[in-house]
Amino acid sequence: ERDIGIEFDRWGMPKVDPKTMQSTLPNVFFGGDAAFGPKNIIWAVAHGHDAAISIDKLCQGEDVNDRPPPGVTLVSQKMGIHEWSYDNDISNDLRYKVPLRDISVALKDIRTEVELGYDDKLAYLEAERCLNCDVQTVFTGKLCIECDACVDICPMDCITFTQDGEEEELRTRLSAPATDLTQDLYIGNSLKTGRIMVKDEDVCLHCGLCAERCPTGAWDMQKFLIEITQAGPACRAHR
Ligand code: SF4
Ligand code: SF4
């Protein structure tokens with residue numbers, strides 16, 4: 001296919017637009033390993049969705065770059081003063097070890113499977129360690145009375161109320177300095193004293209203790225849902 005007008009890079013991979021999955025030949029699209037080399041199946045499925053949107057728009061005579069953003073919703077998980085719709089208990093358990101076959105049996109035959117896997121009870125305990133990454137801390141500055149109760153109760157010291165400043169310097173004066181530059185800081189403003197709320201998302205356990213302690217509801221725990229746009233009428237421009 002190398003002589004039909006598709007350009008390839010120096011690694012022999014087709015040049016593909018990572019947003020539209022379109023190659024340099026406008027009616028040819030790539031995804032998965034064929035586009036960017038080995039990744040996982042989740043990426044391949046996402047590429048397929050993106051390519052399908054592009055193909056749909058191309059067939060409709062629309063600009064493949066003009067794509068609608070995904071739908072996003074945040075829904076409060078509060079069910080009472082100290083009750084959430086998700087399990088927010090934190091524990092300092094160590095990783096539960098996968099049970100192994102007795103070494104004298106395992107060594108007798110190289111084909112013997114050594115890891116026995118979790119039984120029901122261990123599997124349940126391991127699943128309980130979920131960090132609830134889909135439940136986000138959401139801060140509303142105008143409700144905050146700056147009592148510092150959330151700072152006090154946070155088990156990870158990830159909330160700081162301080163004066164604003166340049167990010168590089170600001171990161172050094174947080175309760176727990178945020179040294180991972182790849183992780184954005186969560187900034188809340190509109191505070192009456194002019195200070196800002198800074199939260200290091202990298203260490204948050206999503207335990208919800210800040211929201212339980214807050215007397216004004218300035219913190220809330222909200223479930224984040226993303227609805228990816230799919231090919232079809234919803235992805236087309238409204239005419
Ligand atoms: S959810 Fe828990 S760990 Fe995260 S900021 Fe609130 S109290 Fe701290
Ligand atoms: S507990 Fe609530 S009101 Fe108090 S500082 Fe934290 S967010 Fe503000």
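In table form, for the structure just shown:
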quantity: Highest-MSF residue in the chain out of 218, 178, 52 [GNM, Cα springs under 10 Å]; calculated: 52
quantity: Within region 92-168, trypsin sites (Lys or Arg not before Pro) in DSSP loop having at most 16 other beta-carbon neighbours inside 10 Å; calculated: 95, 97, 101, 108, 111, 129
quantity: Cysteines in the chain that, by Cβ-Cβ distance, have no pairing candidate under 4.7 Å; calculated: 59, 130, 133, 144, 147, 154, 158, 204, 207, 214, 235
quantity: Convex hull volume per residue in cubic angstrom - Cα atoms of region 159-215; calculated: 87 Å³
quantity: Translational diffusion coefficient (Stokes-Einstein; Kirkwood radius from C-alpha pairs) of region 1-67 at 20 °C, 1.002 mPa s, in µm²/s; calculated: 176 µm²/s
quantity: Size of electric dipole in the chain: Cβ of Lys, Arg +1 and of Asp, Glu -1, about Cα centre, debye, nearest 20; calculated: 380 debye
quantity: Hull volume in cubic angstrom per residue (convex hull over the Cα atoms of region 1-118); calculated: 240 Å³
quantity: With 5 Å bins from 0: P(r) over the chain, alpha-carbon pairs, percent; calculated: 1, 5, 9, 10, 10, 10, 10, 11, 12, 10, 7, 3, 1, 0, 0
quantity: Listed residues 76, 175, 54, most fluctuating in the chain (Gaussian network, C-alpha, under 10 Å); calculated: 54
quantity: Loop-located GluC sites (Glu not before Pro) in region 96-151, at most 13 other Cβ atoms within 10 Å (DSSP); calculated: 113, 128
quantity: FRET efficiency, 1/(1 + (r/R0)^6) with R0 30 Å, evaluated for residue 125 and residue 33 via beta carbons; calculated: 0.25
quantity: Count of lysine pairs in region 1-146 with Cα separation under 30 Å (8 or more residues apart, or interchain); calculated: 11
quantity: Surface share of carbon and sulfur [accessible, 1.4 angstrom probe, percent] for region 40-130; calculated: 58 percent
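The values are calculated or read from the model by the stated rules, or taken from the named source; none is laboratory data. Given the structure is predicted, the values throughout are model-derived calculations rather than measurements. Glycine also receives a Cβ, built like all others from the backbone with ideal geometry; neighbour counts cover every protein chain displayed. Quick note on the areas: whole protein, heavy atoms, side chains included, nothing else; ligands and nucleic acids left out. Shrake-Rupley method; radii C 1.70, N 1.55, O 1.52, S 1.80 Å.
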